[in-house]
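Readers should treat all values here as calculations from the given coordinates under stated rules, not as data from a laboratory. Only a predicted model underlies this, so the values are computations on that prediction, with no experimental measurement involved. Every residue, glycine as well, gets a Cβ built from its backbone with ideal geometry; the counts of neighbours run over all protein chains shown.
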Amino acid sequence: MKQPEAVDLADPVLHETDGVDRVFDELRRRSGLYWNAERDAPGFWAVTRYRDATAVCRDTTSFTSTHGTLLTSYRSEGEPGAGRMLVMTDPPRHGQLRSVLNRLFTPRMIGRLGRRLEVEVRGLVEAALDAGRCDFVADIAAQVPVALISELMGVPPEDRELMHRYTSAAFSSTGPLHRSDMAGRVSAAAAHAALIAYCCELVAARRREPRDDLVSILATARIDGAPLSDEEILVNCDNLIVGGNETVRHAASGGLLALLEHPGQFARLRAEPGLLDTAVEEILRWTTPGMHILRTASADVTVSGQRIRRGEQAVVWIVSANRDDEAFERAGSFDVSRSPNRHLTFGIGEHYCLGAALARLELRVLFRLLCSPALTMERSGPARRLRSTVARGLRELPILLSGSIDP
């Protein structure tokens, strides 16, 4: 089959506009798998179809996660978290780490997080209502995950503001994944380093005095009789912080934009609150905050008739698979009642996102309030997209608000 005209999917500029969706549509139609050559990197196979994406993600025998999971400029040099961070481990280590982390997600913890979220989200929306306007990305969407992550990690109440400052500087829309200027990257990297240093202190404190939180679970866990190293604990805390911030922030802001751009769907959701769960799933499919997952072939393998050789990398474009017409009826339409909706936003198989239930909880709490019948919202300026190959989201979404979130 003739390959489509050459395009570099590793170029972040390509992903700054909706035009990239047309590129993926063409790749799915004409090739499915596409060899993406790179000037300063080894190149990779771009996996764009849903059926191929699920095949690669499920195949932990032919593909490994230990060589990195993202398209980064330094991926050929090796990843510091390889073999230690949950997302960069293969079975059986992956299952062992996952069993440790799963101890946190008890009904008691989920209930506690839900109550805290209700308070935090209500406060954020009410503050925006009082002002009459806000940048939804910075003032609401970016703030929602911070409270949850702080609660999960056992950050003391007196340090919550510190955690907020560090995470805002390190992972906001001007964070290191998205800044093009060196000064901004250095500033964000410094905030990230300060966050890691704080986590080091928290790990030491929890080793001395364990509590009911994620850091304590990691600090006291043993796998095959051996404790986790401080490095293993830190890289997994870092992964939780990054993933928790990025996914919810971009799904929340992109979800609101989708509802504002599809007023009929917004009106339907307001009129039928029972659609909230399916609407959250459609928001997750439509926004796909984590754009891709990278895997490295650990053996020669054939995917959709294409030979991938040992050592070659395959980048599964989740953002493309979630718009595949073979997997979703009217995939290019935003439908709050879509069911079934087997999107790949949280992955599939061994590496299915550990925090998926928490992300859904955050989005349900937020959009339940945003759909209050007495609340009115409208855009007051253009939505500005990120320039990134890692996260699909918005840098800015200015809105005007009026009314109330109470009946």
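Tabulated data
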{"read-out": "Burial ranking of peptide ranges 24-36, 204-216 (average Cβ count within 10 Å, highest at the top)", "value": "24-36, 204-216"}
{"read-out": "Computed [θ] at 222 nm, helices only, for the chain once each DSSP H run of length n ≥ 4 contributes -39500 (n - 2.57)", "value": "-14500 deg cm²/dmol"}
{"read-out": "Net length gained if the chain between Glu38 and Asp277 were fully extended (0.36 nm per residue, minus Cα distance)", "value": "82.0 nm"}
{"read-out": "Length-normalised contact order of the chain in % [C-alpha pairs under 8 Å, at least 6 apart]", "value": "25 percent"}
{"read-out": "Projected label distance in nm at Thr61 and Ala82, using a 7 Å step from Cα toward the beta-carbon", "value": "2.4 nm"}
{"read-out": "Kyte-Doolittle mean at least -1.0 and Cα axial length at least 20 Å: DSSP H helices in the chain", "value": "107-131, 182-208, 230-261, 356-370"}
{"read-out": "Efficiency of FRET from Cβ geometry, Arg211 and Arg29, R₀ 45 Å, rounded to 0.05", "value": "0.25"}
{"read-out": "Rounded Å value of the spacing that divides the Cα centres of the stretch 225-262 and the stretch 367-407", "value": "20 Å"}
